[in-house]
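One structure is given below, encoded as structure tokens.
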Amino acid sequence: QQKVQQSPESLTVSEGAMASLNCTFSDGTSDNFRWYRQHSGKGLEMLVSIFSDGEKEEGRFTAHLNRASLHVSLHIREPQPSDSAVYLCAVSRWNTNTGKLTFGDGTVLTVKP
Amino acid sequence: EAAVTQSPRNKVAVTGGKVTLSCNQTNNHNNMYWYRQDTGHGLRLIHYSYGAGSTEKGDIPDGYKASRPSQENFSLILELATPSQTSVYFCANRDRENTEVFFGKGTRLTVV
């Protein structure tokens, strides 16, 4: 069964400094990796979805994928206090009939003004 | 209008009672999912469906049943609710071709 682990559990950065979050997964046949943001008490907002090794940028959010290392990261450029939230990594074998997402437990990001 | 809508948004149930959480989709996708999210954790898959009449067990199915009577509707049923099932429940569907996943806004269930 797929295991997804995120680190660190919590991260505090100053406004404008780069924030870097990590996610490791156990199933090397996984082919889709997503990062979601969840503000307190709210639903899920997808930030970036990546299928291939390398990087994918969506605005201030960049995902880096290295499937050989079973690792995907999220970098947030110029974070703002409004980016304070829980960030969830989700991994799937997208090109299967099931296509289910397996989530990590999240990283709590706090951005200080 | 949201593609995936859940009802109710909030529910308080008594231990031992029956609870039905409903999910409706308007974007006509085959795969639908029910997840639960406990405080401080990510989402975990309870049941999913490939289409009308289909239900499959996810990673944590114990204590839950699912029903998919039509393409549009996917329900999660707690026959005998317990306090350990207090959680936030999310419904989702998948657009495989366009690589999108649509989530509902969640149902907060409290079992007392």
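Observations on the model:
Conditions (1) of a type in the set (A, V, I, L, M); (2) in contact (Cβ under 8 Å) with a residue 24 or more places away in the chain; (3) in contact with a Cys (Cβ under 7 Å, 6 or more places away or on another chain); (4) within 14 Å of another protein chain (Cβ to nearest Cβ), marked per residue:
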site	(1), (2), (3), (4)
A:LEU21	yes, yes, no, yes
A:SER52	no, no, no, yes
A:GLU78	no, yes, no, no
A:THR98	no, no, no, yes
A:LYS112	no, yes, no, no
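- Qualifying residue in the stretch A:37-47 (condition: closer than 17 Å to B:ARG44 by Cα, within 14 Å of another protein chain (Cβ to nearest Cβ) and among the polar types (S, T, N, Q)): yes
- Filter result for A:GLY16 (farther than 30 Å from B:ARG9 by Cα and assigned to a loop (DSSP other than H, G, I, E, B)): yes
- Whichever residue in the stretch B:28-53 is of a type in the set (Gly, Ala, Ser) and closer than 22 Å to A:GLN38 by Cβ and, among such residues, is surrounded by the most Cβ atoms within 10 Å (Cβ to Cβ): B:GLY42
- Residue that is nearest to the other protein chains (Cβ to nearest Cβ), among those in the stretch B:60-93 that are of a type in the set (A, V, I, L, M, F, W, C) and without any contact (Cβ under 8 Å) to a residue 40 or more places away in the chain: B:ILE60
- Of the residues making up the stretch B:10-59, those that are outside any strand (DSSP E or B), farther than 12 Å from B:SER75 by Cα and away from chain A (no Cβ under 11 Å) are B:VAL14, B:THR15, B:GLY16, B:GLY17, B:LYS18, B:THR26, B:ASN27, B:ASN28.
- A single entry from A:LEU70, A:LEU74 fulfils the requirement of being under 23 Å from B:ASP59 (Cβ atoms), modelled with pLDDT of 95 or more and not aromatic (Phe, Trp, Tyr): A:LEU70.
- Listed by position, the strands (runs of 3 or more DSSP E) enclosed by the stretch A:33-96 that each have at least 2 residues that are surrounded by fewer than 20 Cβ atoms within 10 Å (Cβ to Cβ) and not aliphatic (A, V, I, L, M) are A:45-50, A:54-58, A:61-66, A:71-76.
- Residue within the stretch B:94-109 that is surrounded by 14 or more Cβ atoms within 10 Å (Cβ to Cβ), more than 13 Å from chain A (Cβ to nearest Cβ) and in a loop (DSSP other than H, G, I, E, B) present: no
The values are calculated or read from the model by the stated rules, or taken from the named source; none is laboratory data. Predicted model only: the values in this text are computed from it and were never measured. Here the Cβ is made from the backbone with ideal geometry for all residues, glycine too, and neighbour counts use every protein chain on show.
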